Amino acid sequence: MKSHFSLLLSLITPKKEVSINVKKTILIFLISLGLLGLVACQNDEPLPTAVATLAVSSVDGVESAIEETAVPEATDQPEATATPAPPTATPLPPKPLTVCMGAEPTTLFLYGDDSLAATAVRHALYENLYTTLNYDYQPQGLEKLPSLNDGDARVGLVQVKEGDLIVNSAGNVVFLVPGVQFVRSDGEFVTFDRTLTAEGAEPLMMQQMSVDFTFKPMTWSDGTPVTAADSLFSFEIASSPDVTVRQEKIERTASYEATGDLSVTWTGLPGFLDTEYFTNVWTPLPRHQLEQFSAAELVAEDSPAPQPLSSGPFVLEEWQRGEALILRNNPAYYRADEGLPHITELTIRFDLAGETAVNQIAAGCDIVTHDAITLSQTPDVLAAADAGELLASFVSNNIFEHIDFGINSWENYGDGERNGRPDWFEDGRVRQAITLCTNRQQIVNEITYGQSSILHAYIPDDHPLYPADAQSWDYDPAAGNGLLDDVGLEDTDGDGFRELVERDLSATIVATTTMSITLGTNSESDIRLRINKLVAADLAECGIQVNLYDVNANDWFDDGPFSPLFGRRFDMATFAWRTGIHPPCGLYLSSNVTGPEERGFGGWSNINATGWIDEAYDAACNAALSALPGTPEYADSHLEAVQIFTEELPIIPLFDYLKTAVAQPHVLNFQPDASQPSELWNLAEIDIEE
C-alpha cells in the first residue's frame, strides 16, 4: 500500500531549483466516538541524527552506490583552562509542583525515546540550547543564535573533485560521479563529467556552509563544567548506527569541531545550505560520566549506564515506573543565582492517564499537559475555567484543516470538452464566492468550541510572515452570490440551484448545466464528515448543489492516479496538513502538482492535489525556499507568496487544531506556545503563587 498513513508532513526545502522532487507525506486524523485522535505529535525541535548506510542514488540514469559513510569527524576541544566554580544556590523553601501527563517515557536518555512525553521531561534535565517560540528561534543555553549578518554563520567556497561526498541539486547526499547534477558556486546547475576536473580545467567550486556556536557557562549536576567536548561526545553518540534518531543533519555534516572550551563549529557538506543552520548544534552529554559506555549500551532498554547528569534545572531522584518521576531542583544549575528553578520538587505523574483534565486537577495536578486532554473535554475545561477552578490554554498544534478545490483535475474528470464536469473552479471568482458563502466561524465554533480561529492561508494570522494587508474572505453570502452572478451562474429554472448557461447570439438559452459538485473526505473522520455537512448547507444558500461522499482513508490518501484525492479526481476535498515554524508554501507549488512525471507533473506521490498553477506564486515561493532565514529575500518572498495565496484561494483554509493544557490558578509563568512542542519548555521559570 502506497498511502501515507500516520505520517508527518516533511516540508520541502529546495535550494535553487524551480522543480523539486518531493515525497508526499500526509497527516491523517483517525477519529472515533467523536474524539479527536492525533496520529502523530509535532516536534519542531531539530534532533541530532544517526548516520546510516545511504541508499543507492540514481541521477539522470547514473547509479552511484553510496557505501556506508564514515561518521563525520568530531575533533576534541583544546585542553580546558581553569573554569570558575559553579554558582552556589541560595537554599529555597520547599515548593512542590505536580505535572500530569498522558503518557510515560520509555527512557530519558537524550537519544532514546523521542516521544512528546520524553521531550517534555528532558526540559527538566537538559538545558534548552534554543527555544522555538512564536514561529521563530531564540537562544537559551547558547550565547546567541549564529547569523549570516553577524559573521558567525558563513557560506564560503570549497573545491570539490570526483568521488567527494556532496549534496546534489535535489538535496540528496551522493558521491560526485559522472551524471550527478549539482549546483556550482555561481548558482548554475551542472551535470558532472570528468572534463570539469580534467587537467587544466578551472577548479570546480561549490558553496559550503559553516556555523559557530558558543555555549553559556553551564555546570553538570556534579559540579563539573559543561564543555564543548561534551557536545562533541553527544554528536558522536548521535552519529552511531545504534542510535535510531533522525539522521538527515548528520548525513549532511562534513565536520563538527571544538574551537574552544565553550565553542564549536559545524561545517556542512558542499552544496548543503541549511535553512535551519542555527540549530546544527548538539545538546551536551557528560563525557566524563558516560564515555566508557558505547552508544548501543547507552540506548539499550536495560542500559548499564547511569542516568546522565543534569545540565538543566532539575535532577532525577526516583522513577516509580507506571506512576511518577520525582525530580529535585539542581543546586548546580547555572541560573541558580537568578533564583531558578523556583520549584524545589517536581513530580511528573502518569497514573492518571485516561482521567479528564478537570478530574486530574481535582486529584492534585498543578499542570495537565495537552497529550492528556482530548478535544471532547473542551466544554468541561471551559466551564471549570469560567468557575475559576483552573487556567485553560488553547494554542495551535500546527495542523490545519482545509478544503481543496479541484482546479486542474486529471484527464477528463474536469474537462467539459471531453465529457467531464465543467471546470467550475478555474475562475478564481468562483473560489472566492464559495469561500464567502462558507460560514467558517460556525465551523470553528462547533468543531473547536470557538477556541480556534479562522485561517486565511496556510499559516495563521499571527505568524510573523503573514502580511498585514493580506486578503480575507469573511462570511458574506450576499457578496458570494454577487460574484456567482458575475461569473454567469444563474438559477434559470427556479429550482434554487444555479446553472451554467449557454446562450446563442440572440441571447436565447440553448443549454444549461446545473452547478452540482461533490465534496469528499475520509470515512473515519467524524469531524470532517460534520464539516462537509455544514459546508453543503451553506453552499445551498448560494445556489450550489453539493453531493457528499466519503472514502476509507487507505484509498482517500493513497497515491494517484486512482485515489480521488491525490489522483486529482474530485471537486472539493477536506483534509489536513501539518505545518511548522517555516511557512509551507511548497505545498502549492506547480512543480508539486500530482501527476505522471512524463507529462510534466511532480509524480503521483506528490502533494499538490489542487492542480493549481500560478507563475507569480511559484516565483515567490521558490525564492523564499531558496533564501536563508534572516535575509530580506526570505521574509519578503514568503510575504509575497502568502499575499498571492490569499487572493487566489486554491483552497478554503478553515482552522488550526489545538493543543489544550490546563493549570491550577496558583501556577505562574506557564506559557504554552504554538511552535514549542512541549508546554514544559520553561520549567525553570514556572512558579507557584504563595
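Brief remarks on what is shown
- Filter pass, residue 158 being of a type in the set (A, V, I, L, M, F, W, C), surrounded by 19 or more Cβ atoms within 10 Å (Cβ to Cβ), part of a strand (DSSP E or B) and at pLDDT 95 or above: yes
- Residue check for residue 231: polar (S, T, N, Q), touching a Pro at 6+ places or on another chain (Cβ under 9 Å), buried (at least 23 other Cβ atoms within 10 Å of the Cβ) and closer than 24 Å to residue 137 by Cβ: yes
- Entry remark, segment 590-607: residues being within 17 Å of residue 405 (Cα to Cα) and outside any loop (DSSP other than H, G, I, E, B) number 3 in total.
- Candidates 338, 323, 411 - the one that is outside the structural domain of residue 596 (by TED's automatic domain parsing), more than 22 Å from residue 666 (Cα to Cα) and either over 31 Å from the mean Cα position of the chain (by Cα) or surrounded by fewer than 17 Cβ atoms within 10 Å (Cβ to Cβ) (or both): 323
- Every condition in (1) in contact (Cβ under 8 Å) with a residue 12 or more places away in the chain; (2) part of a helix (DSSP H, G or I); (3) small (Gly, Ala, Ser) holds for residue 478 except the one numbered (1).
- On the stretch given as segment 191-217, residues that are surrounded by fewer than 22 Cβ atoms within 10 Å (Cβ to Cβ), assigned to a loop (DSSP other than H, G, I, E, B) and touching a residue at least 24 places away in the same chain (Cβ under 8 Å) total 4.
- Residue 283 being at pLDDT below 95, hydroxyl-bearing (Ser, Thr, Tyr) and either buried (at least 18 other Cβ atoms within 10 Å of the Cβ) or not in a loop (DSSP other than H, G, I, E, B) (or both): no
- Test: residue in segment 132-141 that is in contact (Cβ under 8 Å) with a residue 24 or more places away in the chain, among the β-branched types (Val, Ile, Thr) and not assigned by TED's automatic domain parsing to the domain that holds residue 108: no
- Matching residues, segment 304-340, being farther than 30 Å from residue 365 by Cβ and in contact with a Ser or Thr (Cβ under 9 Å, 6 or more places away or on another chain): 337
- For segment 631-641, the condition of being more than 28 Å from residue 424 (Cβ to Cβ), in contact with an Asp or Glu (Cβ under 6 Å, 6 or more places away or on another chain) and touching a residue at least 24 places away in the same chain (Cβ under 8 Å) holds for none of the residues.
- For segment 541-561, the count of residues that are modelled with pLDDT under 95, in contact with a Ser or Thr (Cβ under 6 Å, 6 or more places away or on another chain) and of a type in the set (Gly, Ala, Ser) is at least one.
The values are calculated or read from the model by the stated rules, or taken from the named source; none is laboratory data. All figures in this text were calculated on a predicted structure; none of them were measured in a lab. Quick reminder, even Gly has a Cβ in these numbers, built from the backbone with ideal geometry, and neighbours come from all protein chains shown.
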